[in-house]
Amino acid sequence: MAAEISSENAEHRLLRLIDYFKNHIHRLKPDNKFRVELSRQQMADLTGLRVETVIRAIKTLERRGEVLLESHRIMR
């Protein structure tokens, strides 16, 4: 996981982080919805990105249909 987060683009890093929490921490099945409880700042700290980059990347992922924003919360 560390290698992927350190060398990929922002969108890829964030998806891998969200999927890691979904699959390994909360142990949800792939078809279950997962509500990300991390703040944008926490996600930036964990991925080595700036908060502004996280915000832009999340918007890009939403436009692509990779994540869903509900009441400013990220769902995957």
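The values are calculated or read from the model by the stated rules, or taken from the named source; none is laboratory data. Computed from a predicted structure; not experimentally measured. Reconstructed Cβ throughout: ideal geometry from the backbone, glycine too, with neighbour counts over all protein chains shown.
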Residue among 50, 35, 56, 16 that is modelled with pLDDT of 90 or more, touching a strand residue (DSSP E or B) at 6+ places or on another chain (Cβ under 7 Å) and surrounded by 10 or more Cβ atoms within 10 Å (Cβ to Cβ): 35
Among (1) assigned to a helix (DSSP H, G or I); (2) surrounded by 10 or more Cβ atoms within 10 Å (Cβ to Cβ); (3) not β-branched (Val, Ile, Thr), the one test that residue 63 misses: (2)
Subset tally (residues that are out of contact with any strand residue (DSSP E or B) (no Cβ under 7 Å at 6 or more places or on another chain), of a type outside the set (A, V, I, L, M, F, W, C) and under 18 Å from residue 37 (Cα atoms)) for segment 59-76: 6
Qualifying residue in segment 19-32 (condition: in contact with a strand residue (DSSP E or B) (Cβ under 6 Å, 6 or more places away or on another chain) and either β-branched (Val, Ile, Thr) or modelled with pLDDT under 95 (or both)): no
Condition check for residue 65: in contact (Cβ under 8 Å) with a residue 24 or more places away in the chain and on the phi > 0 side of the Ramachandran plot: no
Inter-residue pairs, beta-carbon under 8 Å, first closer than 13 Å to residue 55 by Cα and in segment 31-43, second outside any helix (DSSP H, G or I) and not charged (D, E, K, R), 6+ apart: 43/36; 43/49
